[in-house]
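Remarks on the structure that follows.
The values are calculated or read from the model by the stated rules, or taken from the named source; none is laboratory data. Since the structure is predicted, the reported quantities are computational estimates derived from the model, not experimental observations. Glycine gets a Cβ as well: all are built from the backbone with ideal geometry, and neighbour counts include every protein chain shown.
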């Protein structure tokens, strides 16, 4: 699954365009956070405009800039460990550029920021981000609605009669759920391996 900016921006505060499930609460508390300098830098294909750029923004936080040819979004990002796996939690803080199509309509509907999180596979040369698999999660919650607190949000341009998922579970509940299914092969998308772009400048956080 290639993660596009318009997909990310389109749901923040409401719901994503069927690819990434948003959460009202973060996946982390302070005790799970870590900082890995290997994440700092630009990730993507050198010959493409799309890229994810991480810069240090604190002892245990990053500024993430997601760029596309038509604009960019900035997120506050945190890397954390749960069990045997690492995860990335990101929160939209700013968007720039001229967004067109369905994504633009959803941007206008932003009500409040939502957390997006991914299972992380990180080496010095490759970054892979794996989101919760929407179809798998949808099936789990239809059969076991109390497994994880959530709402289903209706959108005018969405033909999904059940509505898009928005997780409303507490951080502790989210962590219990993720730990329970972290090794379940069907629980996460495969994700694309993004190579590190050597020598690419990253924008430092604003003072």
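Out of everything in the stretch 97-109 that is closer than 30 Å to residue 198 by Cα and part of a loop (DSSP other than H, G, I, E, B), what residue ends up being modelled with the highest pLDDT? Lay out the reasoning, then the answer.
From the stretch 97-109, those closer than 30 Å to residue 198 by Cα are 97-99; that's our starting set.
Adding the requirement that they be part of a loop (DSSP other than H, G, I, E, B) leaves 98-99.
Working: 98: 48, 99: 42.
Result: 98.
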Residues within the stretch 33-55 that are touching a helix residue (DSSP H, G or I) at 6+ places or on another chain (Cβ under 8 Å) and outside any loop (DSSP other than H, G, I, E, B), tallied: 1
Going through the stretch 110-151 in order, the residues found to be farther than 29 Å from residue 84 by Cβ and either modelled with pLDDT of 90 or more or in contact with a helix residue (DSSP H, G or I) (Cβ under 9 Å, 6 or more places away or on another chain) (or both) are 110, 151
Tally time: how many residues in the stretch 84-96 are at pLDDT 95 or above and surrounded by fewer than 21 Cβ atoms within 10 Å (Cβ to Cβ)? 3
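Pick out the one residue from 16, 27, 33, 39 that is at pLDDT 95 or above, buried (at least 19 other Cβ atoms within 10 Å of the Cβ) and more than 12 Å from residue 90 (Cα to Cα).
Working: 16 fails: at pLDDT 95 or above; 27 fails: more than 12 Å from residue 90 (Cα to Cα); 33 fails: buried (at least 19 other Cβ atoms within 10 Å of the Cβ).
Among 16, 27, 33, 39, only 39 is at pLDDT 95 or above, buried (at least 19 other Cβ atoms within 10 Å of the Cβ) and more than 12 Å from residue 90 (Cα to Cα).
Within the stretch 27-69, which residues are farther than 21 Å from residue 193 by Cβ and either free of Cβ contacts under 8 Å to residues at least 40 places away in the same chain or within 14 Å of the chain's Cα centre (by Cα) (or both)?
Here is the first cut: in the stretch 27-69, the ones farther than 21 Å from residue 193 by Cβ are 27-35, 55-61, 63, 69.
If the condition is that a residue be farther than 21 Å from residue 193 by Cβ and either free of Cβ contacts under 8 Å to residues at least 40 places away in the same chain or within 14 Å of the chain's Cα centre (by Cα) (or both), then 27, 28, 30, 31, 58, 59, 60, 61, 63, 69 are the ones that fit.
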